[in-house]
Amino acid sequence: MYSFRKNKFSSLSKALENPKNCKKLSLLFIEYNLKDKGAIFSQFINLRTLEIQADPSIYNLDDFELPKEIADLKKLKKIWLLNLPFKTFPEWITQIKSLTYLMIRGNDIETIPDTISQLDKLKTLRIENCRLNKLPKTLNQMSKLRHLGLSDTKLTDLNPDLFPQNLKEINLSGSRRYKDEDFENLKRTMKRTKI
């Protein structure tokens, strides 16, 4: 007889009751720093989806970090990191080879490391509502990337050579810092991409 086991959790304490069953973890409106929780996260060996959203009360934490042990989770496919007080892109994310979806939204990130291209299974990359002002020079090497979200950023350079040619969609909505003619040139050059 089949017995249903819970595999979606919304708190670390509940997920820890049966860490091997935890496939989806949604920590919403967290009010604490996660940097010392590495030993906990490393137990979620079957985790496939991770969603972390900060409560506005911690947005000014200068020492906020996510545990680097998350990079050791070999089955992790999707990550949502929303409104976390990041100043720089957590580079250890680029070691998660299984990732197909990555969204980092609402932070102070200005650049994405060139090592992002190591995520060779990534199909969706959304770096939005942040201070991002330039794209990594390796972005165009990401041949599996289909959806690129760059809304509400401070990008000024829309050189078509920066983007992978197989993109289905680029979202540049929101605060426009680039020139209209550069935007039109990108649309002309990447005819098969919805921009």
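The values are calculated or read from the model by the stated rules, or taken from the named source; none is laboratory data. The structure displayed is predicted, hence computed values, not measured ones. So basically every Cβ, Gly included, is an ideal-geometry build from the backbone, and we count neighbours across all protein chains shown. The accessibility values were calculated without ligands, DNA or RNA, using every heavy atom of the protein model including side chains. Shrake-Rupley method; radii C 1.70, N 1.55, O 1.52, S 1.80 Å.
Computed values, structure above
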| item | result |
| --- | --- |
| Matching option when the condition is under 19 Å from N171 (Cα atoms), more than 12 Å from the chain's Cα centre (by Cα) and of a type in the set (D, E, K, R), among K97, K87, K144, K121 | K144 |
| Residue pairs meeting the criteria (Cβ under 6 Å; at least 6 apart or on separate chains; first under 16 Å from D182 (Cβ atoms) and touching a residue at least 24 places away in the same chain (Cβ under 8 Å), in the stretch 143-170; second in a helix (DSSP H, G or I) and open to solvent by 70 Å² or more (accessible area, probe 1.4 Å)) | P160/T189 |
| The one condition in (1) open to solvent by less than 80 Å² (accessible area, probe 1.4 Å); (2) at pLDDT 95 or above that K68 fails to fulfil | (1) |
